[in-house]
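Written below as structure tokens is the structure these notes are about.
The values are calculated or read from the model by the stated rules, or taken from the named source; none is laboratory data. As the structure is a prediction and not an experimental result, all values here were calculated from the model. No Cβ is skipped: glycine too gets one built from the backbone with ideal geometry, and neighbour counts run over all protein chains shown. Ligands, DNA and RNA are stripped out before the accessible areas are found, and what is left, the full protein with its side chains, is counted by its heavy atoms. Shrake-Rupley method; radii C 1.70, N 1.55, O 1.52, S 1.80 Å.
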Amino acid sequence: YRPGRTLRLAVELRRQFARRRTLGVGALMVALPLLLIAALELGAGEDAGENDRINLVDVATASGLNFTLFVLFATTGFFLVVVYALFFGDTVASEAQWGALRYTLATPVPRMRLLRQKWLAALVLSVGALLTLTAVSVLAGSLAFGFGPIETPVGVTLSQGEGFVRLAGMLGYLAVHLLVVGTLAFWFSTITDAPLAAVGGAVFTMFVFAILDQVEQLGSLRDWFPTAEEFAWTDLLQTPVQDGDLFRGVVQSLVYAAVFTALGFRHFARRDVTS
């Protein structure tokens, strides 16, 4: 018996991939870009609404890369938040709800290893969903609107090569920033036996901070909210790139993620697992 060889990551990933919620999220990641293409084609003749911040929908049909940026912009505030919360929040609470958690620990799998493997599996699934959404958007967008350079709303054109490099940076930033809601849901998942409570609690918390972020009277306090710098990845569209908000967003997200992860491990280490 070797504790370090129990519950291998490949085994946990196979278990998670076989679940209906994983297959459902994968199907949504493929279907969403297609639905957005249809919406853009159907609404091409309608007047676009005014927006006081960067508006990627105006150039969404310029190329496949432009469409991909629009998809990321449209899904950052809600859809991707729910996906990360689902994969991280469902991982422990679901097994507790099924009554399988105590049997896994009795195998015996060390508690901290079990939690670590589930955290890593949730990260792989979440990042995989983000990459799937991006890949489908690039392919479907290129077929629908052509494979060309990025045209920004302010009239700057980025070549295809530079566009892919900046797109990779955007995905890296989003993968890190969304860890905030993911690890928050993970912490809640170690507290409750109800997956819906863990996922819904994390999403609701992020929405509350997003609403408070609109209250200008809070001033600089808003810079410390977990939703701060949510759209900082759009700074990568500027020339030259303004990396101040990007750097702050990455550091702040990693700090929040580390705190929430530590709280989850701390609670699970002391938890009386009876389910």
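Observations, loosely collected:
- Residue of THR239, THR134, THR152 that the Gaussian network model of the chain assigns the largest fluctuation, springs spanning Cα pairs under 10 Å: THR239
- Solvent-accessible area per residue for the stretch 184-272 (1.4 angstrom probe, square angstrom): 54 Å²
- By average C-beta atoms within 10 angstrom, highest first, the peptides 15-21, 198-204: 198-204, 15-21
- Label-point separation in nm, THR6 to MET112, each point 7 Å along Cα→Cβ: 1.4 nm
- Anisotropy class of the stretch 118-229 from Cα gyration tensor, a/c 1.5 cut: oblate
- Multiplying the residue separation of ARG19 and ALA258 by 0.36 nm and subtracting their alpha-carbon distance yields 83.3 nm.
- Ranked by how many other beta carbons lie within 10 Å on average, peptides 84-91, 118-125 from highest: 84-91, 118-125
- Solvent-accessible area, 1.4 Å probe, carbon plus sulfur percent, for the stretch 62-166: 68 percent
- Helix runs (DSSP H) in the chain reaching 20 Å along axis by Cα, Kyte-Doolittle at least -1.0: 20-42, 79-98, 111-145, 160-177, 195-212, 244-270
- Helix-derived mean residue ellipticity, 222 nm - over the chain, DSSP H n ≥ 4, -39500 (n - 2.57), to 500: -22500 deg cm²/dmol
- Here the extension length gained between SER142 and SER220 equals 24.0 nm, from 0.36 nm per residue of separation less the Cα-Cα distance.
- FRET efficiency, 1/(1 + (r/R0)^6) with R0 30 Å, evaluated for VAL154 and VAL251 via beta carbons: 0.65
- Cα gyration tensor shape for the chain, rounded if a/c is under 1.5, else prolate or oblate: prolate
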